[in-house]
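Colleague: Have a look at this one before I ask anything.
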Amino acid sequence: MAALVKHIDRPVAIAFGFIVLLLLAGSLYSSSFLSANYLLQQLQVAAFLGLIASGVMLVILLGHIDLSIPWLVTVGGMMSTAAAGWWGPEWAIPFGVFCGLVFGIVNGLGVAILRVPSMIFTLGINAVAQGIMVLHTGGFAPQDHATDLMHWLAVERVILGIPNAVFIWAALGIAIVVMLKRTPLGRYIYAIGNQEGATCLSGVNTKLVIISCFAISGMCSALAGVLLAGYSSKGYQAMGDPYLLPAIAAVVLGGTHILGGRGSYLGTIAGVILISLLASILSVMQMPEAGRQIIYGCVIIGMLLVYGRGQKVLG
Amino acid sequence: MSLADLKLRLAQSQGLIIAVVVFVLMFTLYIANHPAGLTVPVVTTAANKAVLLALVSMAQTLPVLTGGLDLSVGMVFVMTNCLASTLVSGSPLEVALGIVVVLLAGAAAGFVNGAIVVYGRLQPIITTLATGAVYYGIALLLRPVPGGEVQEDLADFMTWTVFDTVPTSLLLLLAVVLLVWLPFRNSVVGRGCYAVGSAEGAAYMSGLPVGRSRLAAFTLSGLLAGIAGLMLTFVTFSGEASAPIGGTYTLNSIAAVVIGGTSLYGGAGGAIGSIFGAFILRTIDDLLFVFDLPPLWQPLFQGVVLLGAVSLGAARVFRIRNRLELFN
């Protein structure tokens, strides 16, 4: 038990504590907040954000950031449905994720080889992806409704009433935890986040590590897009727009340092659930959009002031 | 000034010079292909659109110089727009008071960002991500649906010309440069911003006002975004709490700052470069219009140009001999 407690650091504990607090506060408002059905519904919605945040976390651990999330999610959703129309439904998911991979690799090449700041290069890729999607929709009138498999993965609950999307998130999460903790690649990611120069001098192929992380992030976003298309049964433009800021906020609230090198996946899970739950409770309380935005911002600042403060500059 | 000094100055403002040259070439191309040619209405319309982004980009430049990034400039812009659409109307006294309140609100928003960054010791990017949501919420409170009004004579004057020759908006921009940016850059806190951006530890050890410089940079950034929001109200005659407008301006302002030669790592560059960066971005849109590019291709073309422009800095990578310099 003591060993387990030692492994959970302060930010993660506070984030989980806040989740419990939110649920308790919500249950005072309405007892349905503690019902299994409501909680499972929250997990299902959180799963989409969780997939995106997994990729974003890897990039942030490197000390970079991925601002191409919105349109890579859209690329995943729209290209998967289009592929189903062109070559048949079995191509939908592989092709959607493949497109995300391609954009992710281009992100990585720009950041690792050209050494353009990731902030601005991924922003450019976001604009290019948007341009391609606009051209794709207008020029080719592709199929936009999701395949049965996509719908099944995103909406159905096969085992014990737990949504399938949660299993996908869990599988991806386990893969990422194993990668971060048990493989050289994972250790290199933390090392680059702390001291890229030193890592490179130690003989690590830092460029390959950076490209891999951006590629994984692209795939995660596209996969989330595929599932979102399944969830709303069609892929459409700008479907990824609401996910960029929550994904970054979730990762940072979970204790991952925005400048890289520190953070755990458990924290990201806590952050994702926290953000989803907060949004859901505010919307159940019929809080107007204005109040929701203000509370959302204040919660992020407030929580970070508790545990995310930087070091004092002392020369 | 000796020749060596001149060479250094030129090398330091390389980014700015390139931005100016590119803008002049592009704008000449635009005017040459515009059916009406170089006339006052054409230039005024172009100026009004460009000045909005130029002001927001100047606002973005200050935090970037200190090594941070302000993701809330677009939202402060939208918030002050909504505020101006409720306050800047009525008698001349009310209008004047309204303008002062709008600018103060912008500065206050920037100050809050700065205070959280300096005293709360949070990273600027994540701080402004969160405060941006708050400012957007306030904008929605002020103006749940688009609308409002603004003193029409003043709005007409600000979006038209002085003596039928020079667009008023350009004069406003010039005034901001001469009365706000240049005095600030030459002040102790202004120089402190550059020092903090290039080496915070060294700046601290040299006794520079590190915290005060950062705070001033963010506050001034809010003020500039407030001026832009006021100008937007004059252009549109109304206020709108629109998240897409805020988001687009924030992202374009980062691009304009980079194109204008300011380093995203801080410590080098300046607001004048960002103005030309903003002008370039706006002229790209205008060029697409005069060259009659099919509308479907426009977003892709804009994206590719943006990506190409920000990748230009990569030329540095291929000149470097010592690979360790890459990591600085």
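FYI, it's all coordinate maths here, none of it is from the lab. Everything numeric in this text was worked out from a predicted model, so none of it was measured. Glycine gets a Cβ as well: all are built from the backbone with ideal geometry, and neighbour counts include every protein chain shown.
Colleague: With +1 on each Lys and Arg Cβ and -1 on each Asp and Glu Cβ, and nothing else charged, work out how big the dipole of segment A:70-209 is about its Cα centre, in Debye to the nearest 20. Spell out each step's value before the answer.
Modeller: Values: 6 positive and 5 negative charges, 121 e Å.
Charge dipole, segment A:70-209, about its Cα centre: 580 debye, nearest 20.
Colleague: Here is a follow-up. Subtracting the Cα-Cα distance from 0.36 nm times the residue separation, let me have the gained length for A:Trp152 to A:Phe167 in nm, one decimal. The partial results should precede the final answer.
Modeller: Numbers: separation 15, 0.36 × 15 = 5.40 nm, distance 1.25 nm.
Gain in length upon complete extension: 4.1 nm.
Colleague: Quick check: pseudo-label points 7 Å beyond the Cα along Cα→Cβ at B:Leu312 and B:Ile17, how many nm apart are they?
Modeller: Taking the simple label geometry, B:Leu312 and B:Ile17 are separated by 1.4 nm.
Colleague: Could you check the spin-label model distance between B:Asn186 and B:Ala4? Points 7 Å from the Cα along Cα→Cβ, value in nm.
Modeller: Placing both labels 7 Å beyond Cα along the Cβ direction yields 2.5 nm.
Colleague: Within segment A:29-66, whose backbone N sits under 17 Å from a point 7 Å along Cα→Cβ of A:Arg182?
Modeller: none
Colleague: For the residues A:Tyr29, B:Tyr249, what sequence is obtained by ranking on other C-beta atoms within 10 Å, fewest first?
Modeller: The most exposed by this proxy come first: A:Tyr29, B:Tyr249.
Colleague: What FRET efficiency would be calculated for the residue pair B:Thr39, B:Leu293, taking the C-beta separation as r and a Förster radius of 22 Å, to the nearest 0.05? Don't jump to the answer; show the numbers that get you there.
Modeller: Working: r = 23 Å, r/R0 = 1.05.
The formula returns an efficiency of 0.45 here.
Colleague: Could you tell me whether segment B:139-226 comes out rounded, prolate or oblate from its Cα gyration tensor? Rule is a ≥ b ≥ c as square roots of the eigenvalues, rounded for a/c under 1.5, then prolate if a/b exceeds b/c, otherwise oblate. Let's see the in-between values first.
Modeller: Working: a/c = 4.86, a/b = 1.80, b/c = 2.70.
Verdict is oblate for segment B:139-226.
Colleague: Tell me, what HN-Hα J-couplings in whole Hz come from the Karplus equation 6.51 cos²θ - 1.76 cosθ + 1.60 at θ = phi - 60° for each residue of segment B:227-239, using x for Gly and Pro?
Modeller: So the J values, rounded to whole Hz, are 4, 4, x, 4, 4, 4, 4, 5, 6, 9, 6, 7, x.
Colleague: Under the definition of Cα pairs under 8 Å and six or more residues apart, what whole-number percent is the relative contact order of chain A?
Modeller: Details: 520 pairs, mean separation 103.9, N = 315.
For chain A, the relative contact order is 33 percent.
Colleague: Could you check the spin-label model distance between B:Arg212 and A:Trp86? Points 7 Å from the Cα along Cα→Cβ, value in nm.
Modeller: Distance between the two pseudo-spin positions: 6.2 nm.
Colleague: Starting from 0.36 nm per residue, how many nanometres of slack lie between A:Ile105 and A:Leu34 once their C-alpha separation is accounted for?
Modeller: On the way: separation 71, 0.36 × 71 = 25.56 nm, distance 4.23 nm.
Value of the extension gain: 21.3 nm.
Colleague: Now a separate question. FRET efficiency for B:Ala202 and A:Ala25, Cβ-Cβ distance as r, R0 = 35 Å, nearest 0.05?
Modeller: Values: r = 47 Å, r/R0 = 1.34.
Efficiency, from the Cβ-Cβ distance: 0.15.
Colleague: In whole Hz, what ³J(HN,Hα) sequence does segment A:222-227 give by Karplus (6.51, -1.76, 1.60; θ = phi - 60°), x for Gly and Pro?
Modeller: Those phi angles translate into 5, 4, 4, x, 4, 5 Hz.
Colleague: Now, a different point. Please label the shape of the protein assembly as shown as rounded, prolate or oblate, based on the square roots a ≥ b ≥ c of the eigenvalues of the alpha-carbon gyration tensor (a/c under 1.5 means rounded; beyond that, a/b larger than b/c means prolate, else oblate).
Modeller: Values: a/c = 1.42, a/b = 1.35, b/c = 1.05.
Rounded shape, in that the Cα axes give a/c under 1.5.
Colleague: Moving on to the next point. Report the calculated FRET efficiency for A:Met285 and B:Val100 (r = Cβ-Cβ distance, R0 = 41 Å), to the nearest 0.05. Don't skip to the end; give the middle numbers.
Modeller: Numbers: r = 37 Å, r/R0 = 0.90.
For R0 = 41 Å, the calculated efficiency reads 0.65.
Colleague: Could you tell me which residue out of B:Leu232, B:Ala36, B:Asn186 lies farthest along the dipole of segment B:13-310 toward its positive end? Charges go on the beta carbon: Lys and Arg +1, Asp and Glu -1, centred on the Cα centre.
Modeller: Comparing the listed Cα positions along the dipole, B:Asn186 ranks first.
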